[in-house]
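Q: Handing you a structure now.
The values are calculated or read from the model by the stated rules, or taken from the named source; none is laboratory data. Computed from a predicted structure; not experimentally measured. We place every Cβ from the backbone using ideal geometry, glycine too, and count neighbours over all the protein chains shown.
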Amino acid sequence: MTKLLTINALLGAVALSAVVSSSPAKADEALDKLKAQGFARIAIANEPPFTAVKADGTVSGAAPDVARAVFKKLGVNDVVASISEYGAMIPGLQAGRHDVVTAGLFMKPERCNAVAYSEPILCDAEAFLVKKGNPKGFKSYADIAKDEKATIGAPGGGTEERLALEAGVPRERVIVVPDGQSGLKMLQDGRIDTYSLPVLSINDLVKKANDPNLEVVAPVQGAPVYCDGAAFRKGDTALRDEFDKVLAEMKTSGEFAKIIEPYGFSAQAAMSTTREKLCAAK
């Protein structure tokens with residue numbers, strides 16, 4: 001069962017294993033390190049259905065479930081999670097606070113230059129959460145930029161924040177939101193005009209809110225479809241390659257689909273593209 005990492009456990013794990021190498025480590029050395037820890041430290045964002053923290057502190061979601069299954073086949077019997085904002089995940093990984101990021105951290109060239117991604121795991125498109133009837137008629141990030149008073153909520157350091165800024169929404173009208181429930185409440189209270197997350201995450205929020213005054217706009221026009229992968233340090237490419245071998249076997253056997261499809265993700269979408277294509281996409 002995945003656990004949420006406590007401060008003491010995190011500090012102990014860092015003291016045990018946080019050494020960032022400038023050159024790729026051998027896969028067996030990296031695996032031996034994780035086996036000695038007894039677990040792999042994963043960074044998550046608590047954004048269902050990608051990742052989720054239950055009331056008792058256990059962690060689930062499609063990304064941690066895949067990571068748990070792969071690492072177990074590699075001989076690492078547990079994963080321990082810590083919650084992080086998207087913008088802090090890669091710095092935390094590079095600093096040795098995590099062994100891997102499994103959090104819907106979509107691949108894009110600048111991230112591919114900073115980390116060693118696995119092959120694709122979870123794919124999704126972008127969505128807007130708006131008031132019923134979509135009163136401002138938002139269909140794209142550009143629509144929000146054109147409305148001089150419109151505000152949009154988005155995760156700090158996430159894809160949605162970047163897409164809004166690139167579309168011309170001024171920084172002061174892009175409101176950083178710490179988590180899904182906060183974004184939902186801000187929209188309901190009229191503090192933002194729309195909240196943007198991937199389609200699956202927005203749908204999960206709406207389902208739990210059971211609020212008839214909300215509406216989902218999806219997919220966002222002009223926004224690309226993204227896929228994530230497990231993100232490793234650049235020095236851990238050999239470990240990443242071992243992860244990929246097991247992931248490929250799970251995709252072929254159907255075990256991968258059995259893990260992610262109950263969460264609403266498409267196994268075929270992840271199997272229809274590659275890390276190379278996604279990292280090269282503009």
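Rundown of residues vs (1) aromatic (Phe, Trp, Tyr); (2) surrounded by 21 or more Cβ atoms within 10 Å (Cβ to Cβ); (3) in contact with a Pro (Cβ under 6 Å, 6 or more places away or on another chain), yes/no style:
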site: TYR86; (1), (2), (3): yes, yes, yes
site: VAL101; (1), (2), (3): no, yes, no
site: SER140; (1), (2), (3): no, no, no
site: ALA154; (1), (2), (3): no, yes, no
site: VAL176; (1), (2), (3): no, no, no
site: ASP179; (1), (2), (3): no, no, no
site: MET186; (1), (2), (3): no, no, no
site: ASP189; (1), (2), (3): no, no, no
site: ILE192; (1), (2), (3): no, yes, no
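Q: Within the group ASP228, ASP244, which residue is more than 15 Å from ALA125 (Cβ to Cβ) and touching a residue at least 12 places away in the same chain (Cβ under 8 Å)? Lay out the reasoning, then the answer.
A: Working: ASP228 fails: more than 15 Å from ALA125 (Cβ to Cβ).
Of the residues listed, the single one that is more than 15 Å from ALA125 (Cβ to Cβ) and touching a residue at least 12 places away in the same chain (Cβ under 8 Å) is ASP244.
Q: Additional query: Are any of the residues in region 213-231 within 20 Å of the chain's Cα centre (by Cα) and of a type in the set (Asp, Glu)?
A: yes
Let's see how each residue does on (1) in the same structural domain as ILE152 (by TED's automatic domain parsing); (2) of a type in the set (Asp, Glu); (3) in contact with a strand residue (DSSP E or B) (Cβ under 8 Å, 6 or more places away or on another chain):
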residue: THR194; (1), (2), (3): yes, no, yes
residue: PRO212; (1), (2), (3): yes, no, no
residue: ASP244; (1), (2), (3): no, yes, no
residue: LYS251; (1), (2), (3): no, no, no
residue: PRO262; (1), (2), (3): no, no, no
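Q: Also, I was wondering about something else. I'd like the residue in region 62-79 that is of a type outside the set (Asp, Glu) and modelled with pLDDT under 95 and, out of all such residues, is surrounded by the fewest Cβ atoms within 10 Å (Cβ to Cβ). Don't jump to the end; show me each part of the working.
A: Kept after step one, since they are of a type outside the set (Asp, Glu), are these residues of region 62-79: 62-64, 66-77, 79.
Narrowing the set further to residues that are modelled with pLDDT under 95 leaves 77, 79.
On the way: ASN77: 13, VAL79: 27.
Within region 62-79, the match that is surrounded by the fewest Cβ atoms within 10 Å (Cβ to Cβ) is ASN77.
Q: In addition: Among the residues of region 250-282, which ones are surrounded by 12 or more Cβ atoms within 10 Å (Cβ to Cβ) and assigned to a loop (DSSP other than H, G, I, E, B)?
A: Correct list: GLY264, PHE265, SER266, SER272, THR273, THR274, ALA281.
Q: Condition first: under 21 Å from GLY183 (Cβ atoms) and at pLDDT 95 or above. Can you find one or more residues in region 226-239 that meet it? Please lay out each step first, then the result.
A: If we filter region 226-239 for residues that are under 21 Å from GLY183 (Cβ atoms), which is where we start, we get 226, 228.
Among the residues that remain, those that are also at pLDDT 95 or above are: 228.
Yes: region 226-239 contains one or more residues that are under 21 Å from GLY183 (Cβ atoms) and at pLDDT 95 or above.
Q: While we're here: Which of the residues that make up region 155-188 are among the hydrophobic types (A, V, I, L, M, F, W, C) and closer than 23 Å to LYS208 by Cβ? Before the answer, list the steps.
A: Step one: filter region 155-188 for residues among the hydrophobic types (A, V, I, L, M, F, W, C), giving 163-165, 167, 169, 174-177, 184, 186-187.
Those that are among the hydrophobic types (A, V, I, L, M, F, W, C) and closer than 23 Å to LYS208 by Cβ: ILE175, VAL176, VAL177, LEU184, MET186, LEU187.
Q: (1) at pLDDT below 95; (2) surrounded by 15 or more Cβ atoms within 10 Å (Cβ to Cβ); (3) not hydroxyl-bearing (Ser, Thr, Tyr): which one isn't true of LYS208, the others all being true?
A: (2)
Q: Give region 157-174 a look and list any residue that's surrounded by 14 or more Cβ atoms within 10 Å (Cβ to Cβ), charged (D, E, K, R) and either under 12 Å from ILE144 (Cα atoms) or in contact (Cβ under 8 Å) with a residue 12 or more places away in the chain (or both), or say none.
A: Let us first name the residues in region 157-174 that are surrounded by 14 or more Cβ atoms within 10 Å (Cβ to Cβ), namely 157-165, 167, 169, 173-174.
Now restrict to residues that are charged (D, E, K, R): 160-162, 173.
Matches in region 157-174: GLU160, GLU161, ARG173.
Q: For region 69-76, does any single residue satisfy the condition of being assigned to a helix (DSSP H, G or I), in contact with a helix residue (DSSP H, G or I) (Cβ under 9 Å, 6 or more places away or on another chain) and within 20 Å of LYS234 (Cα to Cα)?
A: The answer is yes; a qualifying residue exists.
Q: Is it true that PRO212 is assigned to a loop (DSSP other than H, G, I, E, B) and within 14 Å of GLU160 (Cβ to Cβ)? Walk me through it before giving the result.
A: Details: assigned to a loop (DSSP other than H, G, I, E, B): yes; within 14 Å of GLU160 (Cβ to Cβ): no.
Spelling it out, it is not the case that PRO212 is assigned to a loop (DSSP other than H, G, I, E, B) and within 14 Å of GLU160 (Cβ to Cβ).
Q: Tally time: how many residues in region 179-193 are within 19 Å of PRO135 (Cα to Cα) and part of a loop (DSSP other than H, G, I, E, B)? Quick ask: steps written out before the conclusion?
A: Quick first cut of region 179-193, residues within 19 Å of PRO135 (Cα to Cα) only: 183-193.
Remaining after also requiring part of a loop (DSSP other than H, G, I, E, B): 189-193.
Of the residues in region 179-193, 5 are within 19 Å of PRO135 (Cα to Cα) and part of a loop (DSSP other than H, G, I, E, B).
Q: Here are some residues: SER196, SER201. Which one is crowded, with 17+ Cβ neighbours inside 10 Å, polar (S, T, N, Q) and assigned to a helix (DSSP H, G or I)?
A: Working: SER196 fails: assigned to a helix (DSSP H, G or I).
From the options SER196, SER201, the qualifying one is SER201.
Q: For region 187-204, which residues satisfy the criterion of being farther than 10 Å from ILE152 by Cα and not small (Gly, Ala, Ser)? Full working, then the answer.
A: Going through region 187-204, the residues farther than 10 Å from ILE152 by Cα turn out to be 188-190, 197-204.
Result: GLN188, ASP189, LEU197, PRO198, VAL199, LEU200, ILE202, ASN203, ASP204.
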